[in-house]
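What follows is a single structure, and I will ask about it in a moment.
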């Protein structure tokens with residue numbers, strides 16, 4: 001007679017840890033991260049540090065699968081270390097796994113008490129299609145505690161949410177911050193780019209072209225595709241070899 005009771009499902013075996021090149025020492029991390037790792041045994045702290053270095057390096061190289069393997073290993077070995085959970089959240093965010101990223105960012109906030117990831121949390125809510133919840137989070141008391149760089153990122157995200165909702169003029173007003181009219185600065189490239197995008201949505205093409213030009217000039221680290229957007233508006237066809 002066939003058994004009808006519950007069946008035991010074997011657990012998935014633990015994945016082997018990804019390899020780490022000999023030249024990676026873990027000392028490449030910021031001092032603040034090493035401070036967090038002091039809660040671990042020395043052997044574990046050294047291993048986690050190396051995995052965090054690898055996760056960051058592979059993200060920089062756009063090897064997100066490799067970065068995920070290292071970040072998951074770091075988080076498994078150091079589940080209560082904010083830096084390990086943040087690394088995993090950042091990789092998940094880059095992969096578009098917004099639910100997982102949001103969960104990790106919430107854990108970082110709970111463990112470390114910092115709100116520096118608030119702009120990314122808001123963008124995760126946006127990515128999940130929860131625009132009203134995203135705007136509510138963006139207006140929470142935590143937003144007032146952000147440093148200048150994080151506050152600027154939050155402004156850009158809020159504008160993007162307004163644009164998603166078809167509120168292009170409100171999106172433009174979100175970006176009308178004093179820094180927009182100041183001197184051209186590399187750290188403001190994303191602000192200029194976002195402003196150009198909003199102007200384009202408002203059919204203010206000539207102004208959009210001007211601001212994409214500013215974004216391209218400021219974007220020394222090539223964090224945007226401002227050059228391509230500008231060329232597109234000027235009718236230039238770029239042929240990749």
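Only residues that are over 14 Å from the mean Cα position of the chain (by Cα) and on the phi > 0 side of the Ramachandran plot: list them for the stretch 91-124, please.
113
Are there any pairs with C-beta distances below 6 angstrom linking a residue in the stretch 46-72 that is over 24 Å from residue 35 (Cα atoms) to a residue that is surrounded by fewer than 22 Cβ atoms within 10 Å (Cβ to Cβ), with the two at least 6 apart or on different chains, and if so which?
What qualifies is 64/94; 64/95; 66/58.
Could I ask something else about it? Name, by its number, the condition in (1) assigned to a helix (DSSP H, G or I); (2) farther than 27 Å from residue 160 by Cα; (3) touching a residue at least 24 places away in the same chain (Cβ under 8 Å); (4) touching a helix residue (DSSP H, G or I) at 6+ places or on another chain (Cβ under 8 Å) that does not hold for residue 122.
(2)
Filter the stretch 84-114 for residues that are modelled with pLDDT of 95 or more and part of a loop (DSSP other than H, G, I, E, B); which is surrounded by the fewest Cβ atoms within 10 Å (Cβ to Cβ)?
96
So that you can scan it fast, the table gives a plain yes or no per residue for (1) crowded, with 20+ Cβ neighbours inside 10 Å; (2) free of Cβ contacts under 8 Å to residues at least 12 places away in the same chain:
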residue	(1), (2)
154	yes, no
167	no, yes
180	no, no
191	yes, no
195	yes, no
199	yes, no
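Additional query: Looking for something without any contact (Cβ under 8 Å) to a residue 24 or more places away in the chain, under 25 Å from residue 125 (Cβ atoms) and either out of contact with any helix residue (DSSP H, G or I) (no Cβ under 7 Å at 6 or more places or on another chain) or surrounded by fewer than 20 Cβ atoms within 10 Å (Cβ to Cβ) (or both) - is there at least one such residue anywhere in the stretch 219-233?
yes
Of all residues being assigned to a loop (DSSP other than H, G, I, E, B) and loosely packed, with under 11 Cβ neighbours inside 10 Å in the stretch 42-67, which is farthest from the chain's Cα centre (by Cα)? Just the residue, please.
61
The values are calculated or read from the model by the stated rules, or taken from the named source; none is laboratory data. It should be emphasised that the depicted structure is a prediction, and the values quoted were computed from it without experimental measurement. Cβ sites come from the backbone with ideal geometry, for glycine too, and all protein chains shown count toward neighbours.
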